[in-house]
Structure formats: structure tokens, C-alpha cells
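The values are calculated or read from the model by the stated rules, or taken from the named source; none is laboratory data. In this text, all values refer to a predicted model and were calculated from it rather than measured experimentally. Virtual Cβ from ideal backbone geometry, glycine too; neighbours counted across all protein chains shown. For the accessible areas, the whole protein counts, side chains as well, though only heavy atoms, and no ligand, DNA or RNA atoms are used. Shrake-Rupley method; radii C 1.70, N 1.55, O 1.52, S 1.80 Å.
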Amino acid sequence: MTKDFDFVIAGGGVAGAVTAALLARQGRRVALVDHKRPNPLDPKSEFDPRVVAISPGARNVLMAAGVWPNVPADRIGPYARMVVHADGGRVEFSASQHGLEHLGWIVEIPALQAAAWAFLDNETDVALLAPAGVTAFETRRNRLQLDIDPGDPLRTKLLIAADGARSRLREQADIEADLWHYNQHALVSHITTQQANPGIAWQRFTEPGPLALLPLADGRSSIVWSQPAECAQALRDMDEADFLEELNDHQDAPFGPATACTRRYTLPLVRRQSRQLVSGRLALLGDAARTVHPLAGQGLNLGLMDAAALAEVLTDWQGEEDPASALARYERWRLSAGTLIAGGIHAINEITAGNPLGRRAAAIGFGAASALWPLRQLFVERACALDSDSPRLARSVP
Ligand SMILES: Cc1cc2nc3c(=O)[nH]c(=O)nc-3n(C[C@H](O)[C@H](O)[C@H](O)COP(=O)(O)OP(=O)(O)OC[C@H]3O[C@@H](n4cnc5c(N)ncnc54)[C@H](O)[C@@H]3O)c2cc1C
């Protein structure tokens, strides 16, 4: 039997699951489809290597979606200070100077995803279909007909593709994406330092690429060190003692040198930008819409802004109306916001990685930025997703 939904969301990563929660809160009938049902978070489990920095605006969206309260407090690493260095130049941001309690929170992706699915489990208007995938879709009058494997076909008014960076639905809709291969890999690990990280997000533009130390809830720091692929792989494979020596040669965070690390992983870095975010009754969001270099910790934050923006443009949409004008607004809004942020991040990486003159220029820029108050304020508002271009849900504390 074919079931009817207002929205079907393909992809129950954090971006897709939060979109499902926001739309369910509008009283819509939603189906969320994913290849894998995420495991509930085991409170005793070791911290997952995949962590993200969540901005204040993104946290507001997670609150509005009912997801944030399900993340255990002992898995959330708040930070009220951010320090960025490049070749002698340094800029420091402190939350209180900008009227904020925190500048962000470091959280594991599986903890966020489990929290979102736990919320959705209690929503009667949401069908969670997992393990299953959307394998094909076609337009039939004012509905889309979807093939689900395994499972019965579904009918929906709108299909939301949140199926990640290599989105199959984006391909099936013939939406092109521009790719930039950085020939860089991000090396990630959790490190113990001489003193506990007191809540500082610390970043240095090192010779091989940007290095970030981000505070975990237990006082350790999560590192993300972007490097040419072969250097990152060599760092991953060397002895722990040699790796720590190399790391400590490049970092002088105020909480001291690293004394131990967890298993190291490397991930290839690719910037992707979909040329369209909408095709008929299909909308892309999250990594399916774009991926960005991790140096500014913005990827998932952009995905959560997509979720809030889509929910906002659809607030007054009556299901029987043509959604074209609401979707066109979503596409204009999120293409321009995403391109601006992704372009800025891309430029910083291109200027600074492997380029001493570029790092010197960045240092001068940081010095100037730190002295110019309106510029700092603008930067903080934008990075925190609290500026006037951010969706309403991001700007209002629930
Ligand atoms: C090293 C590194 C550091 C990062 N740091 C940060 C940070 O500090 N802050 C930040 O905001 N971002 C950061 N990011 C980016 C962030 O991790 C991603 O943007 C985010 O996790 C993407 O979430 P998503 O839900 O869009 O996609 P995904 O997490 O990829 O989820 C996609 C889901 O779709 C499912 N799926 C796929 N195909 C189908 C189908 N046909 N049908 C149904 N389901 C399907 C998959 O099973 C998966 O669950 C970082 C990234 C990297 C690599």
C-alpha cells in the first residue's frame, strides 16, 4: 500500500533528522528514511572521533527541534574563548565581550544524531524507516512517487535530500555540483594535554595547514589538523611518541603540550557546491547541498541553517499549493549564504596553507581585525549564525 506524507526526508544524519523534527513540530506528516538506524548513545562509551563545533545559532535550532535537551551534558564541551594564531599575529574572541555566554560547544556527531532520533521516536506524526533507502522518484501530478528499498512505495508533496556529500538523489535529479579537491586530509584524534582544556577553541595556521584544538567535555582536546594528504597519512601512521613531538612543535596552547592521543584517523577534504538546491519538488540540504573545508567548523552549522530556513519558508505553505515560490526563496537564501561562507573559508585555506607570505598577510589581517570593534562584532555574529541573514529559529533563544 502506498502511504502519503507531506515530506519525505532521505538521510537521517543530523541535518536530515533535525529537519524532520522541525517539520513535525509544524504538525506535518513526515517520513525519515535512512540506510542505518543510529545506535542510542552508550553513556559509558569512549568519545567518538567525529566531533563538531556547534555555534550559538545552530544550538538554538537544535533547541527548537527538541534535540539539544537529549544530548547528555557530560558529552558537551562548551567554550567561551577562541584564540587564532598565524605567524605572530593573533586574535582572541571572548563570549562575554559580545554579550554571549558561550561561543560554541564541541559535541560528537553520533551523540547529536542519537538525540535527534530519540526525539523523533516519540513523535506520532513521524515514520522512521530504517534500514531503508530512497532508490528512485518520479513526479505524478502534484506529488512525488518514491521507491523505497526495502519497503512499499511512498507518496509525498516534497522530497528533501539530506543524503550526505555524495548524494545519490542529487545525481538522480541531474543537479551538478562543482568540486575542488584540496589534496589535503584532515587528521583527527583526541589528545590529553598537561592541563585540562578550560574551554578554549585554539587554532593555528601552521606551515602544512590549519591546526585546531577543541575542548571536549572531559578536559581533553579534539584536534583537526589539515595537511597535504601524504603528510597527514605519515602523521597518522607514526609512533604515538613521534606524533606527539611533531604536534607539540606546532602548538603552544595555554593548557600545555599533548601527553597522549587516541587512535588517529585521516579524512580527505573536498569542497562541493551544488549549482541548484531545488529541482521541482526536491530540495537539497546539509552536505548534499555543499561541503566546506573544516577549518572554520561550519559544515554542519550550515546544514542546520538550511533545515531552519526550509522550515521557515514552508511555515505558511498549505500542502495543496504549488511549493515553487517557497522553494525558490529557500534556494536563493541558502545558495548565497552558503557560497559566501564556503568561499571565505576556501580563500583563507588557499592563502595560508604552505604559504609563509599568506600566513604573514593573515597575521596582519588578524591584528587589524582585533583592533576594529565593529568588524569583530560582525564576524562573531556571522560565525555564530546570529546575524540578520540567519533563520529566525537561529536568532531567537527558545
Ligand atoms: C574533519 C572534519 C571536521 C568537521 N568539523 C565540523 C565542525 O566543527 N562544525 C561543523 O558544523 N561541521 C564540521 N564538519 C562537517 C560536518 O561533519 C558535516 O557537515 C555533517 O556531519 C554532515 O551532516 P549531514 O546530515 O548533512 O550528512 P551525513 O552525516 O553524511 O548524513 C547523511 C545520511 O544519509 C543517509 N543516506 C545516504 N543515502 C541515502 C538514501 N538514498 N536514502 C536514505 N538515506 C541515505 C546516510 O546513511 C547518512 O545517515 C567537519 C567535517 C570534517 C570532515
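Find the strands (runs of 3 or more DSSP E) located wholly in the stretch 17-128 whose residues include 1 or more that are not aliphatic (A, V, I, L, M), and list them.
Numbers: elements: 30-33, 51-54, 77-79, 81-86, 89-94, 104-108.
Correct list: 77-79, 81-86, 89-94, 104-108.
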Quiz item: Of these, A201, A162, which one is in contact with an Asp or Glu (Cβ under 9 Å, 6 or more places away or on another chain) and of a type in the set (A, V, I, L, M, F, W, C)?
Solution: A162
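Which of the residues that make up the stretch 159-169 are surrounded by 17 or more Cβ atoms within 10 Å (Cβ to Cβ) and not hydroxyl-bearing (S, T, Y)? Before you say what the answer is, go through the steps one by one.
We begin by selecting, within the stretch 159-169, every residue surrounded by 17 or more Cβ atoms within 10 Å (Cβ to Cβ); these are 159-164, 167-169.
Those that are surrounded by 17 or more Cβ atoms within 10 Å (Cβ to Cβ) and not hydroxyl-bearing (S, T, Y): L159, I160, A161, A162, D163, G164, R168, L169.
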Quiz item: So, in the stretch 43-85, of the ones that are open to solvent by 70 Å² or more (accessible area, probe 1.4 Å) and modelled with pLDDT under 95, which residue ends up farthest from the chain's Cα centre (by Cα)?
Solution: K44
Exercise. Considering only the stretch 233-267, state which residues are in a loop (DSSP other than H, G, I, E, B) and within 13 Å of the ligand (Cβ to nearest atom).
Key: R264
Exercise. Could you check, for the stretch 323-332, whether at least one of its residues is within 14 Å of the chain's Cα centre (by Cα) and within 23 Å of V14 (Cα to Cα)?
Key: no
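Going by the conditions given, is V292 touching a strand residue (DSSP E or B) at 6+ places or on another chain (Cβ under 8 Å), under 30 Å from L159 (Cα atoms), away from the ligand (no atom under 16 Å from the Cβ) and among the β-branched types (V, I, T)? Full working, then the answer.
Details: touching a strand residue (DSSP E or B) at 6+ places or on another chain (Cβ under 8 Å): yes; under 30 Å from L159 (Cα atoms): yes; away from the ligand (no atom under 16 Å from the Cβ): no; among the β-branched types (V, I, T): yes.
No.
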Quiz item: So Q172 fits all but one of (1) more than 10 Å from the ligand (Cβ to nearest atom); (2) surrounded by 14 or more Cβ atoms within 10 Å (Cβ to Cβ); (3) not acidic (D, E); what number is the exception?
Solution: (1)
Quiz prompt | Residues of the stretch 268-289 satisfying the condition of being more than 12 Å from the ligand (Cβ to nearest atom) and in a loop (DSSP other than H, G, I, E, B) | solution = R275, Q276, L277, G280, R281
Self-check item: Restricting the stretch 129-158 to residues that are under 25 Å from the mean Cα position of the chain (by Cα) and not in a strand (DSSP E or B), the residue that is surrounded by the most Cβ atoms within 10 Å (Cβ to Cβ)
Solution: A132
Quiz prompt | Sole exception among (1) in contact with a Leu (Cβ under 9 Å, 6 or more places away or on another chain); (2) farther than 22 Å from Q298 by Cα for S274, by number | solution = (2)
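What is the residue count in the stretch 355-391 for residues that are in a loop (DSSP other than H, G, I, E, B) and surrounded by 15 or more Cβ atoms within 10 Å (Cβ to Cβ)? Spell out how you get there, then give the answer.
Applying the first criterion (in a loop (DSSP other than H, G, I, E, B)) to the stretch 355-391 yields 355, 372, 384-391.
From what's left, surrounded by 15 or more Cβ atoms within 10 Å (Cβ to Cβ): 384-387, 389-391.
Residues that pass the stated criteria total 7.
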Practice problem: For residues that are under 18 Å from G57 (Cβ atoms) and within 15 Å of the ligand (Cβ to nearest atom), scanning just the stretch 89-108, find the one that is surrounded by the most Cβ atoms within 10 Å (Cβ to Cβ). | Solution: V107
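Can you go through A311, A371, A363, A347 and tell me which one is under 24 Å from R290 (Cβ atoms) and either over 24 Å from the mean Cα position of the chain (by Cα) or in contact (Cβ under 8 Å) with a residue 24 or more places away in the chain (or both)?
Values: A371 fails: under 24 Å from R290 (Cβ atoms); A363 fails: under 24 Å from R290 (Cβ atoms); A347 fails: either over 24 Å from the mean Cα position of the chain (by Cα) or in contact (Cβ under 8 Å) with a residue 24 or more places away in the chain (or both).
None of the other options fit; the residue is A311.
Residues are listed down the side, and each one gets a yes or a no for (1) of a type in the set (K, R); (2) open to solvent by less than 40 Å² (accessible area, probe 1.4 Å); (3) at pLDDT 95 or above:
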site	(1), (2), (3)
H293	no, yes, no
A296	no, no, no
L302	no, yes, yes
A308	no, yes, yes
A311	no, yes, yes
D316	no, no, no
G319	no, yes, no
L327	no, yes, yes
Practice problem: Please work out which one of (1) open to solvent by 20 Å² or more (accessible area, probe 1.4 Å); (2) touching a residue at least 12 places away in the same chain (Cβ under 8 Å); (3) within 15 Å of the ligand (Cβ to nearest atom) is the condition R204 fails and give its number. | Solution: (3)
